[in-house]
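K.L.:
This is the structure I have questions about; it appears just below.
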Amino acid sequence: MGRYQVCVYAICKNEEQFVDRWMDSMSEADRVVVLDTGSTDATVEKLRARGAEVTVEVISPWRFDTARNRSMELVPESMDICVCTDLDEVLRPGWRELLEEAWVPGAGQATYRYTWSFNPDSSEGVVFWYEKIHARRGYRWVHPVHEVLAWTGEGRPGPTVVADGVQLDHHPDPSKSRGQYLPLLELSVAEDPEDDRNVHYLGREYLFRGRWDDCIRTLKGHLAMPRATWRDERAASMRYIARAYREKGETAEARNWYLRAVAEASHLREPWTDLAMLLYELEEWEGVLYFTGQALAITHRPRTYICEAAPWGSLPYDLRSIAFYRTGRMQEALEAARAALKLEPENERLRGNVALLEREAAGETPSPA
């Protein structure tokens, strides 16, 4: 038993395929409690067989915050630290000791590294830092979807500690529908129209659904909100507006919004890379070289959820290689192609580009990459 009492808690429904992997991962906790919201498969039986304390309740109407809060209520009051995860997530071994080393008496939350997605070659995709580990008392979940912890205790919450080395990986079921997200986001914005984060999420969801005009209208509204001051998220709204305009065939307007995103958050790779991609499609090669160069000059990867996978993978080097090739600079093209391949060594197209450029350097004449 460690210095602190640690309890993992979760909500689930029809996730029997994840039970053993999840319980193996969570076994370092003192207790594991689960709220099952109506499974029709063997999830409940498998969890109980593995030692989880399972309560079955249907949440109607469905809201993620209601379910999270009900699952938190199942955590015994004697626990010091609550670890909220989902069954499609895995904590890497040794997390308990690392968490206890970071935790201090009176702490409120812990922040830790979270891999939200993986690339097809199993390398990390979207990575950011999460804060779903918290003290037992004083917190509630808020918002019907994209729920977050809110302090509801007396005074101020305790400090957030940095749990270096704690790593949570997300391995979702790709067949699972996200159909409920849009109506819940619309509900969330209706309930709290001044919450800028959920307005941003709603605009992004409209983008995912191909509702370009709704996306543009909602995200322009987000940018006009007095509390929408975080530059990273503002730039993301601008980039999503640009993407919607691209889909509508309004390239000039898209370019303008990408430029605004660059100006808003020039410390991020994402807007530079998006603009380089647009110019690649327009075959404006010098522009591609300039914007990929600006992206690659940024070497510090942010810890926020805004950070995307592609700008930190092979894409900037890949675009750069093609632009060098198209402007007759073969040695620079080869160097950039090799850099792209190093980041994505299983990519057959990148391997082919390197081979073509190496033959060019050797005096052969390949077809254009």
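The values are calculated or read from the model by the stated rules, or taken from the named source; none is laboratory data. Please read all numbers here as calculations on a predicted model, not as lab measurements. Note: ideal-geometry Cβ built from the backbone for every residue, glycine included; neighbour counts use all protein chains shown. Only protein heavy atoms, including side chains, enter the accessible area calculation; ligands, DNA and RNA are left aside. Shrake-Rupley method; radii C 1.70, N 1.55, O 1.52, S 1.80 Å.
K.L.:
If S60 passes every condition in (1) over 15 Å from G138 (Cα atoms); (2) touching a residue at least 24 places away in the same chain (Cβ under 8 Å); (3) of a type in the set (G, A, S) but one, which one does it miss?
P.N.:
So the condition that S60 fails would be (2).
K.L.:
Got a number for residues in the stretch 64-97 being open to solvent by 10 Å² or more (accessible area, probe 1.4 Å), within 18 Å of F128 (Cα to Cα) and not acidic (D, E)?
P.N.:
Of the residues in that region, 2 qualify.
K.L.:
Taking the stretch 14-24 as the search range and keeping residues that are in contact with an Asp or Glu (Cβ under 8 Å, 6 or more places away or on another chain) and at negative phi, which one is least open to solvent (accessible area, probe 1.4 Å)?
P.N.:
Per the stated criteria, the residue is W22.
K.L.:
Here are D164, D173, D214: which of them is of a type in the set (D, E) and assigned to a strand (DSSP E or B)? Talk me through it step by step, then tell me what you get.
P.N.:
Details: D173 fails: assigned to a strand (DSSP E or B); D214 fails: assigned to a strand (DSSP E or B).
It is D164.
K.L.:
Enumerate the pairs (first residue in the stretch 219-246 and without any contact (Cβ under 8 Å) to a residue 40 or more places away in the chain and over 15 Å from H267 (Cα atoms); second residue anywhere and open to solvent by less than 10 Å² (accessible area, probe 1.4 Å) and aromatic (F, W, Y)) with beta-carbon separation below 6 Å, excluding pairs fewer than 6 apart on the same chain, so at least 6 apart or on different chains.
P.N.:
A242/Y258
K.L.:
Right, something else. Looking only at the stretch 189-211, count how many residues are more than 22 Å from the chain's Cα centre (by Cα) and assigned to a helix (DSSP H, G or I). Step through it out loud before you land on a result.
P.N.:
Kept after step one, since they are more than 22 Å from the chain's Cα centre (by Cα), are these residues of the stretch 189-211: 190-194.
Then keep just the ones that are assigned to a helix (DSSP H, G or I); that gives 190-191.
Within the stretch 189-211, residues that are more than 22 Å from the chain's Cα centre (by Cα) and assigned to a helix (DSSP H, G or I) number 2.
K.L.:
If A323 satisfies every condition in (1) out of contact with any helix residue (DSSP H, G or I) (no Cβ under 7 Å at 6 or more places or on another chain); (2) open to solvent by less than 40 Å² (accessible area, probe 1.4 Å) but one, which is the exception?
P.N.:
It is condition (1) that A323 fails.
K.L.:
Also, quick follow-up: Criterion first (basic (K, R), crowded, with 16+ Cβ neighbours inside 10 Å and not in a loop (DSSP other than H, G, I, E, B)) does R140 satisfy it?
P.N.:
Taking the combined requirement at face value, the residue does not satisfy it.
K.L.:
Of everything in the stretch 100-125, what is closer than 15 Å to R303 by Cα, in a loop (DSSP other than H, G, I, E, B) and open to solvent by 60 Å² or more (accessible area, probe 1.4 Å)? Give them in sequence order.
P.N.:
The answer is W116, and nothing else.
K.L.:
Report, by residue number, each residue of the stretch 143-161 that is in a strand (DSSP E or B) and surrounded by 18 or more Cβ atoms within 10 Å (Cβ to Cβ). Show your work before the answer.
P.N.:
So the first thing to find is which residues in the stretch 143-161 are in a strand (DSSP E or B), and the list is 148-151, 160-161.
L149, V161, listed by residue number.
K.L.:
Sticking with this one: Mind listing just one residue for me: the one in the stretch 324-369 that is of a type in the set (A, V, I, L, M) and in a loop (DSSP other than H, G, I, E, B) and, of those, modelled with the highest pLDDT?
P.N.:
Applying the filter and picking the extreme gives A362.
K.L.:
All but one of (1) open to solvent by 30 Å² or more (accessible area, probe 1.4 Å); (2) at pLDDT 95 or above; (3) assigned to a helix (DSSP H, G or I) hold for T299; state the number of the condition that does not hold.
P.N.:
(3)
Results for (1) within 24 Å of A310 (Cβ to Cβ); (2) over 22 Å from the mean Cα position of the chain (by Cα), shown as yes or no for each residue.
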position: S71; (1), (2): no, yes
position: V75; (1), (2): no, yes
position: D88; (1), (2): yes, no
position: W95; (1), (2): no, no
position: W103; (1), (2): no, yes
position: Q109; (1), (2): no, no
position: D121; (1), (2): yes, no
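K.L.:
Pairs under 7 Å by beta carbon, first residue closer than 17 Å to G221 by Cα and modelled with pLDDT of 90 or more in the stretch 168-196, partner aromatic (F, W, Y) and open to solvent by less than 30 Å² (accessible area, probe 1.4 Å), six or more apart or different chains?
P.N.:
Final answer for the pair search is L185/Y201.
K.L.:
Just the residues that are crowded, with 21+ Cβ neighbours inside 10 Å and either farther than 14 Å from R217 by Cβ or within 20 Å of the chain's Cα centre (by Cα) (or both), please, taken from the stretch 244-261.
P.N.:
A254, Y258, A261
K.L.:
Also, quick follow-up: Among the residues of the stretch 25-63, how many are open to solvent by 70 Å² or more (accessible area, probe 1.4 Å), aliphatic (A, V, I, L, M) and over 24 Å from M79 (Cα atoms)?
P.N.:
The number of residues fulfilling the criteria is 1.
K.L.:
If a residue has to be under 16 Å from R239 (Cα atoms), open to solvent by 30 Å² or more (accessible area, probe 1.4 Å) and touching a helix residue (DSSP H, G or I) at 6+ places or on another chain (Cβ under 6 Å) to count, how many in the stretch 262-290 make the cut?
P.N.:
Residues in the stretch 262-290 being under 16 Å from R239 (Cα atoms), open to solvent by 30 Å² or more (accessible area, probe 1.4 Å) and touching a helix residue (DSSP H, G or I) at 6+ places or on another chain (Cβ under 6 Å): 1 in total.
K.L.:
Scan (1) touching a Phe, Trp or Tyr at 6+ places or on another chain (Cβ under 7 Å); (2) free of Cβ contacts under 8 Å to residues at least 60 places away in the same chain; (3) of a type in the set (D, E) for the single condition E16 breaks and write down its number.
P.N.:
(1)
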